[in-house]
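Visitor: Here you go, one structure.
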Amino acid sequence: MPTSPDLTSARNLAYQGVGRNLLQFQRLELLLKYLLARHQGSYTHETMADELKRREEAVERKTLGVLAGDLFEQLILKPAAGDFVTADDVAPGEASHRFGITITEELHQEWQSRLKGLVDERNRLVHLSLLTWDLNTLEGCQAVIAALDEQRGRIATEFEQVKRYHEFFTQCLKELHEDMMAEGNAPVGLAPCGQRFSV
């Protein structure tokens, strides 16, 4: 059955929307991998590159859902006793850092729930969308395009939120590196900006 030019155009816009959203999900996933690979470490100046490579490999094959869960267990934290937590596996003579941000339990739960919902949306988009969407009518295509536009807005909101922490964390790592260089590779312990703080 021939397809009208309007339907063809609308269907193509829907496909473009899928591509844009998948790219946005991938950007979020890569940002989470960056943070989780670098949020803590124990090393000397000589072993820093190898430690980073090891941590990058540890998160490389994790799914977006696992990364989102790790984010709220390792970086975005609920209030807890103590001012800070030291990095894991610190040996004598090594420098270490551990980055964590403490938010209220209510905000923690809300944000974790939003990000989990977004992961579920991503999985539906990848695995189920073509089974449930109506791409054979102009109205169906327009509904899909509108839903994808709304979803893209939600992805952007979560990406920008995580990006704020990424920017702060990058500044902390820069300061830690500068401290190590200034002290001639002497152990510097936990950098001040690497401690937990409230937002």
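The values are calculated or read from the model by the stated rules, or taken from the named source; none is laboratory data. Note that the structure is predicted; figures quoted are calculated from it, not measured. Don't worry about glycine lacking a Cβ; one is built from the backbone with ideal geometry, like all the others, and counts go over all protein chains shown. Ligands, DNA and RNA are stripped out before the accessible areas are found, and what is left, the full protein with its side chains, is counted by its heavy atoms. Shrake-Rupley method; radii C 1.70, N 1.55, O 1.52, S 1.80 Å.
Visitor: Run the simple label-point estimate for Glu178 and Asn12 please: 7 Å along Cα→C-beta, distance reported in nm.
Guide: With each label point 7 Å from Cα toward Cβ, the separation is 5.1 nm.
Visitor: Pop out the carbon and sulfur fraction of the accessible area of the stretch 3-54 as a percent, whole number, probe 1.4 Å. Walk me through the numbers before you get to the answer.
Guide: Numbers: 1530 of 2720 Å².
Accessible surface attributable to carbon and sulfur in the stretch 3-54 totals 56 percent.
Visitor: Moving to a separate point now. Whole number in Å², please: accessible area per residue of the stretch 1-152, 1.4 Å probe, ligands, DNA and RNA not counted. Working shown, then result.
Guide: Details: 8810 Å² over 152 residues.
In whole numbers, the stretch 1-152 has 58 Å² accessible per residue.
Visitor: How large is the dipole of the stretch 1-81 about the Cα centre if only Lys and Arg carry +1 and Asp and Glu carry -1, each at its Cβ, rounded to the nearest 20 debye?
Guide: In total the dipole reaches around 220 debye.
Visitor: Using only protein heavy atoms and a 1.4 Å probe, report how much of Met181 is accessible, in Å² to the nearest 10.
Guide: 100 Å²
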